[in-house]
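What follows is a short report on a single structure.
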């Protein structure tokens, strides 16, 4: 039985304005200042996610190559990324149909299905988007990278969110627009609906093996009754 839906943010509910190259450059600057060996971290690789870079940095600490406090490095890296994200998020708008589908799924203020948000974005940018674009009221809980043990594509964030929501794996659907969402949901053991609303079209998403592929967010309304 479906009791909860967890949504991604950028590219799923709001328009995507992210420069991955700028992200990796900022992370590299922060890690270099902290003494990490950047020759062991392929910063220029487009296939390397932020969490991958942090994991590689932590491995240098674990191996004794660098003497640093990982949690402190992680916090400083996130603060550096916050500055970029807050600038980008000001350009974002709700995607077509997002407000309508959130209102209907939430039961117009009397939610029959718990709605939550889980994003790799930081709390600063996420809060700005939710408040400025006016969709915060639809969500019972919001989880950002600042609130979770790891970012997508690792599954620990989703697992932690399920525990906080009091929901089991079979009771939740994750809705996202990217490979990171699919990998994380698969790892956490929950169903994933991929929406072709961001950088990936229907065919590209289908090749990655999500449970459901949607051409638009509005199609979610037809899917949900089938999972109830």
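Pairs of Cα atoms under 8 Å, at least six residues apart: use those to get the relative contact order of the chain, whole percent. Could you put the intermediate results ahead of the total?
Values: 358 pairs, mean separation 58.4, N = 228.
Relative contact order comes out at 26 percent.
Take every DSSP beta bridge with both residues inside the chain and express the antiparallel ones as a percent of the total, to the nearest 5. Display every interim value, and only then the final one.
Working: 1 of 20 bridges.
Given both bridge residues lie in the chain, the antiparallel proportion sits at roughly 5 percent.
Springs between alpha-carbon pairs under 10 angstrom, Gaussian network model over the chain: which of 129, 116, 80 fluctuates most?
Top of the fluctuation ranking is 80.
On the principal axes of its Cα set, how long, how wide and how thick is region 20-89? Give whole Å, largest value first.
38, 24, 17
What ranking of 74, 104 emerges when the number of other C-beta atoms within 10 Å of each C-beta is taken as an exposure proxy, fewest first? Let's see the in-between values first.
On the way: 74 18, 104 13.
Ranked by crowding around the Cβ, least crowded first: 104, 74.
Pairs of alpha-carbon atoms within less than 8 angstrom and 6+ residues apart define the contacts here; what relative contact order does region 20-89 have, in percent?
On the way: 43 pairs, mean separation 27.3, N = 70.
RCO, region 20-89: 39 percent.
Between 199, 154, 79, where does the largest GNM mean-square fluctuation fall for the chain, given springs only between Cα atoms within less than 10 Å?
199
Per 0.36 nm of contour for each residue apart, how much would the distance between residue 90 and residue 76 grow if the chain were fully extended, relative to their Cα-Cα spacing?
2.8 nm
Take 12, 142, 21, 32 and order them by how many other Cβ atoms sit within 10 Å, fewest up front. Each step should come with its number before you reach the end.
Values: 12 24, 142 18, 21 10, 32 13.
Placing the least packed residue first, the sequence is 21, 32, 142, 12.
Among 59, 216, 103, which one shows the highest mean-square fluctuation when the chain is modelled as a Gaussian network with alpha-carbon springs under 10 Å?
Looking only at 59, 216, 103, the largest GNM fluctuation is found for 59.
Estimate the FRET efficiency between residue 164 and residue 136 by the formula 1/(1 + (r/R0)^6), using the beta-carbon distance for r and 25 Å for R0, to the nearest 0.05.
On the way: r = 17 Å, r/R0 = 0.70.
Result of the calculation: an efficiency of 0.90.
Quick check: the angle from helix 50-62's long axis to the longest principal axis of the chain, C-alpha only, nearest 10 degrees?
Between helix and principal axis, roughly 40 degrees.
With a 10 Å Cβ neighbour count serving as the proxy for reagent exposure, in which order, fewest first, do 151, 130 appear? Show your work: numbers first, answer last.
Numbers: 151 23, 130 19.
By the 10 Å Cβ count, ascending, the order reads 130, 151.
A short reminder: the numbers here are calculations on the coordinates, not readings from a lab. For clarity, every value in this text was computed on a predicted model and none was experimentally measured. Quick reminder, even Gly has a Cβ in these numbers, built from the backbone with ideal geometry, and neighbours come from all protein chains shown.
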